[in-house]
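Participant: I'd like to ask you about the structure that follows.
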Amino acid sequence: AALTNLYRFDSKLVCVVARLQGGISAMLEALRDHLHSGDPTLLQALLGLLNDLSSSPQNSQLLAKENGIACILACVLAHLKNQALLLPALQILMALSRTPQHVSLLVREGGLPALLAAILAHLRYTEVLKAALTVLRNIALDEQAALRLSGQGASRIIFAVIQTHSVPEHLEMLKLASSVLWRMHHLRHSPEATLHAQLCFDASAVNNPEVESAPVEEEARGAAA
C-alpha cells in the first residue's frame, strides 16, 4: 500500500527504483509465494503495483526477463473467477504484449488458452473482455501466433462476445473483437493465396483445355438430348 501511494506521488521515481533495486523481482517472488494463499488483498496490491510499473517499457522488459509472463498467466488461471485480481493481471499482459518480442513468449507460456478462458468466464464483464481482447489483438499482429489462435477455437468465442455485446454502447469492444477475427481470417484466407490459387487453376486450364471444355460438352449433350 505504501508503494502504491508513493507511485501516485512520484511514478517515475518508483519505476526507476523498482527496476534498479530489485523491486520488480521481489514483487514477482511474493506473487508466486502467495498465489494460492487465499489473501486477495495482498495479491490485489501486488498486481496493482506491477500493473502501474509495467507502463514503463524498461520495466516491461525486466518483467519478461524475470519470468513474469509465466507468473502473471498462473495468476490468471488461479483466479479466473475473481474479477478484482483478473483485471490487473490482464492489464499487465496488455503492457507486455505491446512488445513483439514478448508475444512469442506469451504464446509459448500458454497465454492463448488462458486468455480465451478469461473471456469465457466473464462474457458479460466488459472491462475484463476489453483487456483480454486487447492482448489477443496484439498477439494477432504476429502471423504465427494468429494462426495458432485461429486453431484453438478462438473464432467461436469471439463471435459469442460480438453476439452478447452487439449494442452501440460497446462499440469499442466490438471493434477489438472484429480486428482479431479479421486478422485470423486474413491469414487463413489471404487475398494473395486466393489469387495464387486462381492463377494456378487458369494456368492448368490453358495447359489442359479439356478441363474447361468438359463441362461445356456435357451441357451440349444434355441440351441435344
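The values are calculated or read from the model by the stated rules, or taken from the named source; none is laboratory data. Predicted model only: the values in this text are computed from it and were never measured. Virtual Cβ from ideal backbone geometry, glycine too; neighbours counted across all protein chains shown. Remember, those area values only see protein heavy atoms, side chains included, never the ligands or the DNA or RNA. Shrake-Rupley method; radii C 1.70, N 1.55, O 1.52, S 1.80 Å.
Participant: Can you send over the carbon and sulfur percentage of the accessible area for the range 96-185, probe radius 1.4 Å, protein chains only?
Facilitator: Details: 2380 of 4430 Å².
Result for the range 96-185: 54 percent of the exposed heavy-atom area is carbon or sulfur.
Participant: log10 I(q)/I(0), Debye, Cα-only the range 18-151, no solvent, q = 0.09, 0.12, 0.13, 0.20 Å⁻¹?
Facilitator: -0.23, -0.41, -0.48, -1.15
Participant: Could you compute the FRET efficiency for HIS186 and ASN67, with r as their C-beta to C-beta distance and R0 at 22 Å, rounded to 0.05? Could the numbers behind the result be given before it?
Facilitator: Details: r = 33 Å, r/R0 = 1.49.
Efficiency at R0 = 22 Å is approximately 0.10.
Participant: Hey, rough spin-label estimate for GLU169 and GLN101, points 7 angstrom out along Cα→Cβ, what's it come to in nanometres?
Facilitator: 4.3
Participant: Given labels modelled 7 Å from the Cα in the Cβ direction, how far is it in nm from GLN144 to GLU109?
Facilitator: 1.8
Participant: Given a Förster distance of 30 angstrom, what is the FRET efficiency for GLU29 paired with TYR125, based on the Cβ-Cβ distance and rounded to 0.05? Write down the numbers at each step before the final one.
Facilitator: Values: r = 30 Å, r/R0 = 0.99.
It comes to 0.50.
Participant: While we're here: Could you please state, rounded to a whole Å, how far the C-alpha centre of the range 145-173 is from the C-alpha centre of the range 41-88?
Facilitator: For the range 145-173 versus the range 41-88, the Cα centre distance is 24 Å.
Participant: Note down the net charge around ALA114, summing +1 for each Lys or Arg and -1 for each Asp or Glu among other residues with Cβ under 14 Å from its Cβ. All intermediate terms of the calculation are to be shown ahead of the outcome.
Facilitator: Values: positive: LYS81, ARG108, ARG148; negative: GLU109.
Cβ neighbours under 14 Å give a net charge of +2.
Participant: Return one whole number: the accessible area per residue of the range 86-140 in Å², for a 1.4 Å probe.
Facilitator: Working: 1870 Å² over 55 residues.
Per residue, the range 86-140 has an accessible area of 34 Å².
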